[in-house]
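Each value in this text was obtained by applying a stated rule to the coordinates, not by laboratory testing. From a predicted model like this one, the values you see are computed outputs, not experimental measurements. So basically every Cβ, Gly included, is an ideal-geometry build from the backbone, and we count neighbours across all protein chains shown.
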Amino acid sequence: MENKTYSDSCTCSIIHEDTVNRVKAVMPEEELLYDLAELFKVFGDTTRIKIINALFEAEMCVCDIAALLGMNQSAISHQLRVLKQARLVKFRKDGKIVYYSLDDEHIKHIFDQGLLHIREK
C-alpha cells in the first residue's frame, strides 16, 4: 500500500496563465472586496443576526428589541449603531421614540441566502 502525501501548493509559479488572466480581469477592485468583507463581519454576531431577524417582522424601538431579546437597552443600542454604520438598518424618529427597520430588501435576501446555505445537507 502506497503512502501518498498531497500538498495544497504548486511547485511552479503558474500553470494556466489564460485562466489567471481571465479571472483577474473580472475581479472587483481591492477596496470593494474589503468593503464586502466588512459587511460580512457585521453578520458575524448572533445578537445582530437576532436584531435583523426581528426587524424582518416589524419596525421596532430599542426598548422593544431589548425586551424581545432579553438584553439591556445599552447593548441593543450598541449593536444598532454597528448595523446603522453598515447601512443594514435605518431609523426614524416619532417624538422621543426612535424606530428601527431594515434599510432595504437586500438585507433579507442576504440573510435568506445564508439560511438556505446553512440548512443544506
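How high is the relative contact order of the chain? Use alpha-carbon pairs under 8 Å, at least six apart in sequence, and give a whole percent.
Reported relative contact order: 20 percent.
Hey, can you grab everything whose amide H is under 5 Å from the amide H of Asp103? Only 5+ residues off in sequence or another chain; H modelled, so Pro and N-termini drop out.
Under 5 Å from the amide H of Asp103 lie the amide H atoms of Val89, Lys90, each far enough along the sequence or on another chain.
Show me 33-44, 62-73, 110-121 ranked by packing, highest mean number of other Cβ atoms within 10 Å first.
Top of the packing list down: 62-73, 33-44, 110-121.
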